[in-house]
């Protein structure tokens, strides 16, 4: 099964998730999973539902088992009675302009403030923010190069003049402190050789939300659910000014 996934260039995380799914099914079955029947798989889905599994997790389990039985065992017919479920759609948490300004200003240091500004101003995911390198900033074309984003696709994100200036301020401070290597990570970790981790960035935004007294459930993904506004200026004290887009 692992070889089948490697051949298809599945990410290490996907491989680990699929193997875990099959391992859990085998534990439920009490015998080797390749001896399962259609009824065994149906019973397993009912077992998961009865134990309160979320729709997203249930569909992930079905995907892993579908790969195992359909690709590795070449017996897709065993999945005939195991059906994915519809995931309920929920309205995302949206921060007001004032809340975004407070959130970024409340971040613990300039690096976190700048990283959150990039996530919000360019609409990037946490993994895309921490993967940025200094060379990904193109001040001539006013773009950020995103390498291997979601779906392992490269793309460009628009870079506003104000966001560029904010990045330059961070670059000058980090360079003066010897925290940023030439051509290295735009947001380095404690060791400049390594980038800031998504976990560290997640902790930073949670701490900022608490410090800013924002009682909504804020995450890095929240910054991608923005109202139609953008940062248009920032002062040397890191305060932000917003405007509504036309």
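Annotations
- The single condition among (1) within 16 Å of residue 211 (Cα to Cα); (2) outside any helix (DSSP H, G or I) that residue 101 does not meet is (2).
- Which numbered condition residue 169 fails, given (1) in a helix (DSSP H, G or I); (2) surrounded by 17 or more Cβ atoms within 10 Å (Cβ to Cβ); (3) in contact with a strand residue (DSSP E or B) (Cβ under 9 Å, 6 or more places away or on another chain): (2)
- Options 147, 128; residue that is surrounded by fewer than 17 Cβ atoms within 10 Å (Cβ to Cβ), assigned by TED's automatic domain parsing to the domain that holds residue 197, free of Cβ contacts under 8 Å to residues at least 40 places away in the same chain and closer than 30 Å to residue 18 by Cβ: 147
- Test: residue 209 is surrounded by 20 or more Cβ atoms within 10 Å (Cβ to Cβ), touching a residue at least 60 places away in the same chain (Cβ under 8 Å) and over 21 Å from residue 97 (Cβ atoms): no
- In segment 64-80, of all residues being touching a residue at least 24 places away in the same chain (Cβ under 8 Å) and surrounded by fewer than 14 Cβ atoms within 10 Å (Cβ to Cβ), the one that is farthest from the chain's Cα centre (by Cα) corresponds to 77.
- Residues being farther than 30 Å from residue 224 by Cα and touching a helix residue (DSSP H, G or I) at 6+ places or on another chain (Cβ under 6 Å) are entirely absent from segment 49-64.
Residue-wise test of (1) within 17 Å of residue 124 (Cβ to Cβ); (2) touching a helix residue (DSSP H, G or I) at 6+ places or on another chain (Cβ under 8 Å); (3) in the same structural domain as residue 122 (by TED's automatic domain parsing).
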{"site": "142", "(1), (2), (3)": "yes, yes, yes"}
{"site": "158", "(1), (2), (3)": "yes, yes, yes"}
{"site": "173", "(1), (2), (3)": "no, yes, yes"}
{"site": "180", "(1), (2), (3)": "no, yes, yes"}
{"site": "185", "(1), (2), (3)": "yes, yes, yes"}
{"site": "190", "(1), (2), (3)": "no, no, yes"}
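- Qualifying residue in segment 62-72 (condition: farther than 28 Å from residue 88 by Cβ and modelled with pLDDT of 95 or more): yes
- Residue that is farthest from residue 75 (Cα to Cα) [pool: residues in segment 25-63 that are touching a residue at least 40 places away in the same chain (Cβ under 8 Å) and either surrounded by 12 or more Cβ atoms within 10 Å (Cβ to Cβ) or within 30 Å of the chain's Cα centre (by Cα) (or both)]: 60
- Residues that are under 16 Å from residue 132 (Cβ atoms) and either surrounded by fewer than 16 Cβ atoms within 10 Å (Cβ to Cβ) or not assigned by TED's automatic domain parsing to the domain that holds residue 109 (or both), drawn from segment 192-206: 192, 193, 194, 197
- Set 243, 224: member being under 13 Å from residue 118 (Cα atoms) and modelled with pLDDT under 85: 224
- Where residue 89 falls short, out of the listed (1) out of contact with any strand residue (DSSP E or B) (no Cβ under 6 Å at 6 or more places or on another chain); (2) more than 25 Å from residue 57 (Cα to Cα); (3) surrounded by fewer than 18 Cβ atoms within 10 Å (Cβ to Cβ): (2)
The values are calculated or read from the model by the stated rules, or taken from the named source; none is laboratory data. This is a predicted model, so every value here is computed, not measured. Note that each Cβ is placed from the backbone with ideal geometry, even for glycine, and that neighbours are counted across all protein chains shown.
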